[in-house]
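Note sheet for the following structure.
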Amino acid sequence: MVHDDRRLFPEARPGRSRQARPMSRLADVDLSLHLSKGEENKQLKAAQKRLVHLRLLLGGQIGSGELGPPLLVLFEGWDASGKGGAIKRLVEKLDPRHVRVAQFAAPTYDEKRHHFLWRFWPVLPGWGGMAVLDRTWYGRVLVERVEGFAPEEAWRRAYGEIVDLEDTLAAEGTVLVKFWMHLSPEEQLRRFESRRDDPYRAWKLTDEDWRNRGKREEYEAAVEDMLERTDTAVAPWHVIAGDDKRWARVAVVRTACEAIEAALRARGIDPDPALH
């Protein structure tokens, strides 16, 4: 079910053969994919224009005027994998009244007193709404698993709890679009060093980022388990090749558009109604 987003760019040329399937899903991502600056500008402009149309349709501002299903976009990925830049391109052409972006860091003392999913409920979108989550409930099976912040029994149980939540949201109508922003360790190191040497971006790099990088193999195992156990028909994972930021940004916006269109058609809603 995990999607190979090379299909979004038929004009691109992969840098290596895809004949034999690697042993892991992350290894199966072709990180050599790239776009030129000119190609990015052209394709991003078209994808963003399409997203504005679909967002207005979901919000009832065009078409029949009826509210469409809630749209929830989830972002996870490696440190410095381009989540922020992708989110910026995803929402920058949308009216800020029509989308909410929420960022989640480590839970606070009070949040830890509740079930781990509790803190996410207030930002979930209602009908006609859209929310983008920068980090999500998947922290339970990623950083909390690897760093030992959650007992093994708790993070193992969390896979089923997360799938149950997403199944429930989908049953109520929510369109879920989940992104894992993938990045090679070599490109990650280059970005870390670039941030370290830039006084205007150094704040983005923390000691924790370096520590996490030293546990790459443990995190890869956690990501593989996450992709395997929480990829479902109603909430599939889209693994985005992130070594080239231009490629990744366009892939994110295009994928979101495709997911919305498919969801609307499944509900018998024309994504391109006559506009008056």
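The values are calculated or read from the model by the stated rules, or taken from the named source; none is laboratory data. Bear in mind that the values here come from a model prediction, so they are computed numbers and not experimental data. When we count neighbours, we look across all protein chains shown, and the Cβ atoms used for this are built from the backbone with ideal geometry, even at glycine. Just the protein is used for accessible areas: all its heavy atoms, side chains included, with ligands, DNA and RNA removed. Shrake-Rupley method; radii C 1.70, N 1.55, O 1.52, S 1.80 Å.
Worth a mention:
- Single residue of T230, T255 found to be open to solvent by less than 40 Å² (accessible area, probe 1.4 Å), in contact with a strand residue (DSSP E or B) (Cβ under 7 Å, 6 or more places away or on another chain) and polar (S, T, N, Q): T255
- Answer residue from the range 183-214, given it is open to solvent by 20 Å² or more (accessible area, probe 1.4 Å) and polar (S, T, N, Q) and is farthest from the chain's Cα centre (by Cα) among those: S194
- A residue that is among the β-branched types (V, I, T), open to solvent by 10 Å² or more (accessible area, probe 1.4 Å), assigned to a loop (DSSP other than H, G, I, E, B) and more than 29 Å from L56 (Cα to Cα) cannot be found anywhere in the range 140-152.
- With respect to the conditions (1) out of contact with any Gly (no Cβ under 7 Å at 6 or more places or on another chain); (2) closer than 23 Å to G129 by Cα, R249 lacks only one, and its number is (1).
- Residue check for L72: closer than 24 Å to K45 by Cα and either assigned to a loop (DSSP other than H, G, I, E, B) or hydroxyl-bearing (S, T, Y) (or both): no
- Of the criteria (1) surrounded by fewer than 22 Cβ atoms within 10 Å (Cβ to Cβ); (2) in contact (Cβ under 8 Å) with a residue 24 or more places away in the chain, which one I240 fails: (1)
- Checked against the criterion of being of a type outside the set (V, I, T), over 29 Å from H53 (Cα atoms) and open to solvent by 20 Å² or more (accessible area, probe 1.4 Å), the range 120-139 contains not a single residue that satisfies it.
- Any hit, the range 169-182, residues being surrounded by 13 or more Cβ atoms within 10 Å (Cβ to Cβ) and hydroxyl-bearing (S, T, Y): yes
- Residues in the range 75-108 that are within 13 Å of the chain's Cα centre (by Cα) and part of a loop (DSSP other than H, G, I, E, B): W78, S81, G82.
Per-residue answers, yes or no, for (1) open to solvent by less than 20 Å² (accessible area, probe 1.4 Å); (2) modelled with pLDDT under 95; (3) not aliphatic (A, V, I, L, M):
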site: D30; (1), (2), (3): yes, no, yes
site: L33; (1), (2), (3): yes, no, no
site: S36; (1), (2), (3): no, no, yes
site: K49; (1), (2), (3): no, no, yes
site: G65; (1), (2), (3): no, yes, yes
site: S81; (1), (2), (3): yes, no, yes
site: V91; (1), (2), (3): no, no, no
site: L94; (1), (2), (3): yes, no, no
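- Enumerated helices (runs of 4 or more DSSP H) restricted to the range 174-276, each holding at least 3 residues that are of a type outside the set (S, T, N, Q) and touching an Asp or Glu at 6+ places or on another chain (Cβ under 7 Å): 245-266
- Residue under evaluation L165, criteria (1) more than 26 Å from A248 (Cβ to Cβ); (2) open to solvent by 20 Å² or more (accessible area, probe 1.4 Å); (3) outside any loop (DSSP other than H, G, I, E, B), criterion not met: (2)
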